[in-house]
Amino acid sequence: MEVAAVFLPLAGYLIVALFGRTIGDKGSMAITSIAVCLAMVLSIVVLFDTIGTEPETIVLFSWITSGTFDVAWALRIDTLAAVMLAVVNTISAMVHVYSVGYMHHDKFKPKFFAYLSLFTFFMLMLVTGDNLVQLFFGWEGVGLASYLLIGFWHERPSASAAAIKAFVVNRIGDFGFALGIFAVFVLFGSVQYETIFANVATLADAQFNFLGVEVHALTITCLLLFMGAMGKSAQLGLHTWLPDAMEGPTPVSALIHAATMVTAGVFMVARLSPLFEFAPVALGFVCIIGAATAFVAATIGLTQFDIKRVIAYSTMSQLGYMFFAAGVSAYNAAIFHLMTHAFFKALLFLGAGSVIHAMSDEQDMRKMGGTWRLIPYTYALMWIGSLALAGIGIPGVFGFAGFYSKDLILESAFGAHTVVGDIAFWLGIAAAIMTAFYSWRLLFLTFHGQPRADDRVMAHVHESPWIMLVPLMVLAAGAIAAGILGYSAFGGEGMHAFWGDSLAEAAFEATEHAHHVPFWVKVLPLVMGLGGIALAYLFYVQMPQLPARTVAAAGPLNRLFFNKWYFDEIYDAIFVRPAFLIGRGLWKGGDGAIIDGLGPDGLAATTRVAARRIAGLQSGYVYHYAFVMMIGVVVFVSWYLYAISG
């Protein structure tokens, strides 16, 4: 059953990739969607069967054997892997079904659905591998598949550029990740999780030479591994690819930015939590980067007007929450938020796709408004996703999904009673009010007020078909219930029995501290969320003139946020333009002028000139030939006399 849950998406991909032209559009969509839906059902069964059991390793075959290095292709099924299996396959299944309606008019449906299934398979390999090499295989696979999906509409130059940018930025992080895997092998002599976890305590104080300096081995190893997570999960510094990835079709945005590729880094840190626990400096770095990411991304989200980009920066911010939870050892809280976030963020992305579908492909919120009566189902579903994202609920009674998971993260950060934990808590609180504000800014600009689109667009505004709405309703159910149903198991009284040995023991201690924080810490995130909603209502409903006044008053600060803290411009000046300049110089001056000029092109030109001049001697006149013969005799005699005289 576990094997089927992992390999059914691959089977769907292979069938469509090989026989897509034969079975046609409908056959391709049906096969891939059915395969992933079956995988979803099996994954949920696997999750319930795995709770409270020992980790199981299913060896499929020997994969790499070189001397003493032997790696099998195997599946490690424990609670962490089972949770990820269920989340990935559920979101992917909903995206597949939704795409049947959303991509209805696309000319290349078989290719699109094949890419979705391939992406899903690589992600499943990433979360179920029992060694770092298999993890890296899935890691690189999702990078490849995301390149294909982001650039799917390759006729758009912006889509091709976004795909290349995502691929290149991720390669930077992946270089560090590969070095981290090499460091693990040097330290432990193995890449198997069981071997690493069993011996990590004995190497807690190990040192090795890094760039000529003796350093703490596990700290450097974990920092290198986290470098990979920074790229894949769009953390501050390696995040610039994420908003540009919105150039792909909206289902791709939901799949990549909800529960799959961008959460790979969070999963990796949780999977290697026994390693990170012996590298407190690295954990502190994880915490600070996560907190900074949550804050900076939220500030950018305040100012964007593209509906998908607002949600993309929201994803980046929420990933920051997950990482600073891991940074204070609350790995279970991080995975809990990963799970709840998957539901409400996929709901928001697909809901945005429904809006774009209704608005004739318009994505600028300034050209929307006055649509809530025309698309009431989409409107209601977007409200549910936004309530879950903002973490709204009634303490002790009921809350949307984010109310339980995000609050648990903030309480864990405060309960850590460390400097980095306190920094993360307050940056997280600041991000919470901004999250609520930009979420309702999106709702009010998109659905309320007077219509700002032209009459032709408004005349065609219509609700999405049921093939698109049903997946949204399934995700909405998760956004409503996932938090309250999962709280006890993921971070409450039942967490020990639920997680077993799949996470470091420190996770339970960190979460236990979260339950004993002061009351004001528990209610502050909710107050901030409600305050953000009220502020958005004031700005965009009650006093719509306020945003323009605020922008004018904020001046440079607004420009800083709107221009994404100028990260792209800084990177362009420091890295991109110099790289292009060097490349052009090496191309024109080095390769063209020197190598080709003196090499193949130079020899060819010399030969052509010599041949042309020799050919000129073939005039057809006898006295020309006699003259040449005379010159030859003179040269020969001169050489002979010179030789004998010497």
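Tabulated values for the structure
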read-out: In the range 533-583, the residues that are in contact (Cβ under 8 Å) with a residue 12 or more places away in the chain, under 27 Å from the mean Cα position of the chain (by Cα) and under 23 Å from residue 446 (Cα atoms); value: 558, 561, 562, 564
read-out: Flag for residue 74 being over 18 Å from residue 136 (Cα atoms) and either open to solvent by 40 Å² or more (accessible area, probe 1.4 Å) or at pLDDT 90 or above (or both); value: no
read-out: Sole residue being part of a helix (DSSP H, G or I), touching a Leu at 6+ places or on another chain (Cβ under 8 Å) and surrounded by fewer than 24 Cβ atoms within 10 Å (Cβ to Cβ), chosen from 224, 255; value: 224
read-out: Residues satisfying the stated conditions in the range 450-492, i.e. in contact with a strand residue (DSSP E or B) (Cβ under 8 Å, 6 or more places away or on another chain) and either β-branched (Val, Ile, Thr) or surrounded by fewer than 16 Cβ atoms within 10 Å (Cβ to Cβ) (or both); value: 484
read-out: Complete set of residues in the range 255-271 that are in contact (Cβ under 8 Å) with a residue 60 or more places away in the chain and of a type in the set (A, V, I, L, M, F, W, C); value: 255, 256, 258, 259, 261, 264, 266, 267, 268, 269, 270
read-out: Meets criteria (over 14 Å from the mean Cα position of the chain (by Cα) and under 21 Å from residue 571 (Cβ atoms)) for residue 175; value: yes
read-out: Residue list for the range 3-22, filter: of a type outside the set (D, E, K, R) and either touching a residue at least 40 places away in the same chain (Cβ under 8 Å) or in contact with a Ser or Thr (Cβ under 7 Å, 6 or more places away or on another chain) (or both); value: 3, 5, 6, 7, 9, 10, 12, 13, 16, 17, 20
read-out: Residue in the range 104-117 that is in contact with a Ser or Thr (Cβ under 8 Å, 6 or more places away or on another chain) and among the charged types (D, E, K, R) present; value: yes
read-out: Counted residues, the range 302-342 - those being assigned to a loop (DSSP other than H, G, I, E, B) and either of a type in the set (A, V, I, L, M, F, W, C) or buried (at least 24 other Cβ atoms within 10 Å of the Cβ) (or both); value: 5
read-out: Of the criteria (1) closer than 30 Å to residue 169 by Cβ; (2) open to solvent by less than 60 Å² (accessible area, probe 1.4 Å); (3) not β-branched (Val, Ile, Thr), which one residue 619 fails; value: (1)
read-out: Residue within the range 143-151 that is open to solvent by less than 40 Å² (accessible area, probe 1.4 Å), assigned to a helix (DSSP H, G or I), closer than 30 Å to residue 489 by Cα and among the polar types (S, T, N, Q) present; value: no
read-out: Hey, residue 69 of a type outside the set (Asp, Glu) and over 13 Å from residue 3 (Cβ atoms) or not; value: yes
read-out: Selection count where residues are assigned to a loop (DSSP other than H, G, I, E, B) and open to solvent by 30 Å² or more (accessible area, probe 1.4 Å), scope the range 501-532; value: 5
read-out: Odd one out for residue 362, checked against (1) part of a helix (DSSP H, G or I); (2) open to solvent by 30 Å² or more (accessible area, probe 1.4 Å); (3) over 19 Å from residue 91 (Cα atoms); value: (1)
read-out: Qualifying positions in the range 1-40 - among the aliphatic types (A, V, I, L, M), crowded, with 18+ Cβ neighbours inside 10 Å and either under 30 Å from residue 495 (Cα atoms) or touching a Lys or Arg at 6+ places or on another chain (Cβ under 9 Å) (or both); value: 5, 6, 16, 29, 36, 38, 39, 40
read-out: Selected residue (criterion: surrounded by the fewest Cβ atoms within 10 Å (Cβ to Cβ)) from residues of the range 152-163 that are in contact with a Phe, Trp or Tyr (Cβ under 8 Å, 6 or more places away or on another chain) and in a helix (DSSP H, G or I); value: 159
read-out: Answer residue from the range 32-60, given it is free of Cβ contacts under 8 Å to residues at least 60 places away in the same chain and among the β-branched types (Val, Ile, Thr) and is nearest to residue 503 (Cα to Cα) among those; value: 50
read-out: Looking only at the range 282-295, and only at residues there that are open to solvent by less than 10 Å² (accessible area, probe 1.4 Å) and within 18 Å of the chain's Cα centre (by Cα), the one that is nearest to residue 228 (Cα to Cα); value: 286
read-out: Among (1) touching a Phe, Trp or Tyr at 6+ places or on another chain (Cβ under 7 Å); (2) part of a helix (DSSP H, G or I) - the single one residue 81 does not satisfy; value: (1)
read-out: Residue list for the range 359-368, filter: over 16 Å from residue 249 (Cβ atoms) and either hydrophobic (A, V, I, L, M, F, W, C) or at pLDDT below 90 (or both); value: 365, 368
read-out: Options 606, 550; residue that is touching a helix residue (DSSP H, G or I) at 6+ places or on another chain (Cβ under 9 Å), part of a helix (DSSP H, G or I) and more than 30 Å from residue 400 (Cα to Cα); value: 550
read-out: Residue in the range 226-238 that is out of contact with any Cys (no Cβ under 8 Å at 6 or more places or on another chain), more than 21 Å from residue 76 (Cα to Cα) and among the polar types (S, T, N, Q) present; value: yes
read-out: Residues located in the range 365-379, provided they are assigned to a helix (DSSP H, G or I) and open to solvent by 50 Å² or more (accessible area, probe 1.4 Å); value: 366, 367, 376, 377
read-out: Count - residues of the range 243-277 that are more than 18 Å from residue 344 (Cα to Cα), out of contact with any Lys or Arg (no Cβ under 6 Å at 6 or more places or on another chain) and of a type outside the set (Val, Ile, Thr); value: 14
read-out: Test: residue in the range 200-220 that is buried (at least 21 other Cβ atoms within 10 Å of the Cβ) and of a type outside the set (A, V, I, L, M); value: no
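The values are calculated or read from the model by the stated rules, or taken from the named source; none is laboratory data. Just so it is clear, the structure is predicted and the values come from calculations on it, not from any experiment. Every residue, glycine among them, receives a Cβ derived from its backbone with ideal geometry; neighbour counts consider all protein chains shown. SASA here: full protein model, heavy atoms, side chains in, ligands and nucleic acids out. Shrake-Rupley method; radii C 1.70, N 1.55, O 1.52, S 1.80 Å.
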